[in-house]
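The values are calculated or read from the model by the stated rules, or taken from the named source; none is laboratory data. Please read these numbers as outputs of a predicted model, since none were measured by experiment. Cβ sites come from the backbone with ideal geometry, for glycine too, and all protein chains shown count toward neighbours.
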Amino acid sequence: MANETHDGGGAAPKVSRRNLFKQAALAGAAAALPGAAVAAPVAAQPAAPTGAPGPEALETLTAAEADILEAIVARLIPTDENGPGATEARAAHYIDRALAGPLRASRPAYAAGLAALDDYAQSTKGASFAKLSAKDQDAVLSDLEMNAATGFGPDSAAFFNLVRTHAIEGTFCDPYYGGNANFVGWDMIGYPGIRVAVSEDEQRMSPKPRPVRKSAYDDPMFTLKGGGHGHQP
């Protein structure tokens, strides 16, 4: 389904789509359900974009931090011949929103980690991370994953795993949380969306399930009153 390495020539199989999908196939579906262990929204659900992602107002990250994070998630789950990736899913936007709310405890780790990553890119590749070629970006990320990059606390692998986890959440979560724009993440793994009933044909797995293109919180049965993650009507 997906290429084993990133486009751009970087031989970094551990950060390939294929390996991410192994983790995301279950995590993405679980994240779509109410009460799942993903970041809760900090604002009402935005309208799904109809075109390519454009500039968005930042809630937590600085503009420089956002540029670095956008470049990271774009390499973790890249856009390629197989279809859209984390960029189109707006995974970085999901992370930015969550850092203002449920993931606020991770804000210092992002500030320190993004700065350390950019410093490491400058010292080893001669340019800021966002300006490197895809091949060099993959090389830097591979160093982080293998805990070979310097300047991180406690270590580079911890920061890599933190961002990868949140990139997966942002790509495959229920769109209510600010990621998975236009349901590109669900389409990527063939997840048809929330349904409260399954037809006989769907149970036989004969036809391909008809995609349900809505958030779980668009269904009245999942609306939580008096608290919780759901909308207030």
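Restricting attention to segment 116-146, which residues are assigned to a loop (DSSP other than H, G, I, E, B) and buried (at least 16 other Cβ atoms within 10 Å of the Cβ)? Step through it out loud before you land on a result.
Residues of segment 116-146 assigned to a loop (DSSP other than H, G, I, E, B): 126-128, 132-133, 146.
Scanning segment 116-146 gives SER128, LEU132.
SER142: out of contact with any Asp or Glu (no Cβ under 7 Å at 6 or more places or on another chain), modelled with pLDDT of 95 or more and within 24 Å of ARG90 (Cα to Cα), yes or no? Can you show your working first?
On the way: out of contact with any Asp or Glu (no Cβ under 7 Å at 6 or more places or on another chain): yes; modelled with pLDDT of 95 or more: yes; within 24 Å of ARG90 (Cα to Cα): yes.
So SER142 passes the test.
Does THR62 count as of a type in the set (Val, Ile, Thr), at pLDDT 95 or above and surrounded by fewer than 16 Cβ atoms within 10 Å (Cβ to Cβ)?
On the way: of a type in the set (Val, Ile, Thr): yes; at pLDDT 95 or above: yes; surrounded by fewer than 16 Cβ atoms within 10 Å (Cβ to Cβ): yes.
Yes; evaluated as a whole, the condition is true for this residue.
Hey, could you check segment 87-98 for residues that are buried (at least 24 other Cβ atoms within 10 Å of the Cβ), within 17 Å of LEU58 (Cβ to Cβ) and not basic (Lys, Arg) and say which is nearest to the chain's Cα centre (by Cα)? Can you show your working first?
Looking only at segment 87-98, we keep the residues that are buried (at least 24 other Cβ atoms within 10 Å of the Cβ), and these are 89-98.
This time we only want the ones that are within 17 Å of LEU58 (Cβ to Cβ), so: 90-98.
Right, trim to not basic (Lys, Arg) and you get 91-96, 98.
Working: ALA91: 4, ALA92: 7, HIS93: 9, TYR94: 7, ILE95: 8, ASP96: 11, ALA98: 12 Å.
Top of the filtered list is ALA91.
Could you run through segment 211-225 and say how many residues are in contact with a Ser or Thr (Cβ under 9 Å, 6 or more places away or on another chain) and either part of a loop (DSSP other than H, G, I, E, B) or at pLDDT 70 or above (or both)? Give the steps one after another, and end with the answer.
The initial filter retains those residues of segment 211-225 that are in contact with a Ser or Thr (Cβ under 9 Å, 6 or more places away or on another chain), namely 217, 222.
Of the ones still in play, those that are also either part of a loop (DSSP other than H, G, I, E, B) or at pLDDT 70 or above (or both) are 217.
Looking only at that region, the number is 1.
Applying the selection to segment 147-174, what residues are crowded, with 24+ Cβ neighbours inside 10 Å and part of a loop (DSSP other than H, G, I, E, B)?
Selection gives ALA149, CYS173, ASP174.
Looking at segment 93-115, which of its residues are assigned to a helix (DSSP H, G or I), of a type outside the set (Ser, Thr, Tyr) and touching a His at 6+ places or on another chain (Cβ under 9 Å)? Break it down stepwise before answering.
If we filter segment 93-115 for residues that are assigned to a helix (DSSP H, G or I), which is where we start, we get 93-98, 104-115.
With the extra rule that they be of a type outside the set (Ser, Thr, Tyr), the set shrinks to 93, 95-98, 104-105, 107-109, 111-115.
Hits for segment 93-115 are ILE95, ALA98.
Return yes or no: is LEU114 of a type in the set (A, V, I, L, M, F, W, C) and within 26 Å of PHE183 (Cβ to Cβ)? Can you show your working first?
Numbers: of a type in the set (A, V, I, L, M, F, W, C): yes; within 26 Å of PHE183 (Cβ to Cβ): no.
Taking the combined requirement at face value, the residue does not satisfy it.
Scanning segment 65-86 for residues that are assigned to a helix (DSSP H, G or I), among the hydrophobic types (A, V, I, L, M, F, W, C) and touching a residue at least 24 places away in the same chain (Cβ under 8 Å), which turns out surrounded by the most Cβ atoms within 10 Å (Cβ to Cβ)?
Kept after step one, since they are assigned to a helix (DSSP H, G or I), are these residues of segment 65-86: 65-76, 86.
After this cut, where a residue has to be among the hydrophobic types (A, V, I, L, M, F, W, C) as well, the list is 66, 68-69, 71-74, 76, 86.
If we keep only those that are touching a residue at least 24 places away in the same chain (Cβ under 8 Å) too, we end up with 66, 68-69, 71-73, 76, 86.
Details: ALA66: 20, ILE68: 21, LEU69: 26, ALA71: 24, ILE72: 28, VAL73: 27, LEU76: 25, ALA86: 30.
Only one residue tops the list, namely ALA86.
What tally of residues in segment 109-134 results from selecting those that are in contact (Cβ under 8 Å) with a residue 40 or more places away in the chain and of a type in the set (Ser, Thr, Tyr)?
3
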